[in-house]
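Worksheet for the structure shown next.
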Amino acid sequence: MNDLINKRVFHDRFKEGVIVDADEKRVVVDFEGVTRIFPLPDAFTEQYLRIMDSDEKEDRHVLPIDNASTVNKDTNHYRKLYRNEFRNWIINDYNKNSGNVVNDFNGYASDVFFIEKNCPEREFLDWFRSEETLEDARNALLKVPGVINGKQDPEQRVSGYITRMRLFKAFLQQKGII
């Protein structure tokens, strides 16, 4: 992984950046002072990062490394990556330090990833960037057939998901992921 550090990369939205850290789970990229984290192996697919040759301009980019572009998008990737860590954070950090207690930590730790599986139009972590993106998440969830056709009122159900997503956003911020 150390061979990735200081490599120049290109992202369609964030443009040119430099890998500043990497481990077996993720790469950390600095885009002119804004740090973004990308999970591996998805980080080097066509929709995310492309390593650039040293003389390339930002409008040209090379193919992803290690044929990673052939990896299928796993709609449970972030669930696998963060569910247990988020659950433990709720129990050990949030419940002990917030004054609020979440008793259904297993439900919270699962429900937050509903959007990953059902709303693939946006990269999962992008839903957590701001209140505006959480509002976008609310609107996207209100279009999911399982939410609309469920027995519970769609607005009430989606409000529950958004509450869990806000808590997950706090987890992501505290861990330095976003």
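Annotations
- You will find that of 95, 100, the residue that is surrounded by 14 or more Cβ atoms within 10 Å (Cβ to Cβ), without any contact (Cβ under 8 Å) to a residue 12 or more places away in the chain and polar (S, T, N, Q) is 95 and no other.
Table: residues versus (1) charged (D, E, K, R); (2) touching a residue at least 24 places away in the same chain (Cβ under 8 Å); (3) in contact with a Ser or Thr (Cβ under 8 Å, 6 or more places away or on another chain).
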| residue | (1), (2), (3) |
| --- | --- |
| 77 | no, yes, no |
| 89 | no, yes, no |
| 136 | yes, no, no |
| 173 | no, no, no |
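- Test result for residue 15, at positive phi and modelled with pLDDT of 80 or more: yes
- Selection within segment 103-143 - of a type in the set (A, V, I, L, M) and not in a helix (DSSP H, G or I): 112, 142
- Selection within segment 144-174: residues that are assigned to a loop (DSSP other than H, G, I, E, B) and not basic (Lys, Arg). The member of this set that is farthest from residue 97 (Cα to Cα) is 149.
- Of all residue pairs spaced 6 or more apart or on separate chains, those with beta-carbon atoms under 6 Å, a first member in segment 138-150 that is under 12 Å from residue 117 (Cα atoms) and a second member that is hydroxyl-bearing (Ser, Thr, Tyr) are 141/161.
The values are calculated or read from the model by the stated rules, or taken from the named source; none is laboratory data. Given the structure is predicted, the values throughout are model-derived calculations rather than measurements. Ideal geometry is used to build each Cβ from the backbone, glycine not excepted, and the neighbour counts take in all protein chains shown.
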